[in-house]
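Trainee: The structure follows.
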Amino acid sequence: MKRIDLDDLPPRAAALLTGAEPGEEVVLVRDGLVVGRLVGGAAEPQALPDDEEPSEEQAKEIFEHFRSIVEDEF
């Protein structure tokens, strides 16, 4: 599982995810094509087990990929 902190997202993207109902999808679109989906989580925040924590390098890679996808939209 890949993980990114909401504080690392652009404000509008973070607001969309924060407002998503559990199981509700936020669809990521580029040039009219779906390039990804993010799903609203549990009603109460839950901690991930320590073994699922990404490395700093993985987190940077995830953030850069996400940022490149959404920067044109926001």
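Trainee: Just need a number here: residues in the stretch 2-24 that are of a type in the set (A, V, I, L, M, F, W, C) and assigned to a loop (DSSP other than H, G, I, E, B). Reasoning before the result, please.
Mentor: First, pick out the residues of the stretch 2-24 that are of a type in the set (A, V, I, L, M, F, W, C): 4, 6, 9, 13-17, 20.
Add one more test, that the residue is assigned to a loop (DSSP other than H, G, I, E, B), and what stays is 4, 9, 20.
Result for the stretch 2-24: 3.
Trainee: Sticking with this one: I need every pair where a residue in the stretch 49-65 that is part of a loop (DSSP other than H, G, I, E, B) has its Cβ under 9 Å from the Cβ of a residue that is at pLDDT below 75 and of a type in the set (A, V, I, L, M, F, W, C), sequence separation at least 6 or different chains.
Mentor: Pairs found: 54/1.
The values are calculated or read from the model by the stated rules, or taken from the named source; none is laboratory data. These figures come from a predicted structure and were not determined experimentally. Backbone-built Cβ (ideal geometry, glycine too); neighbour counts: all protein chains shown.
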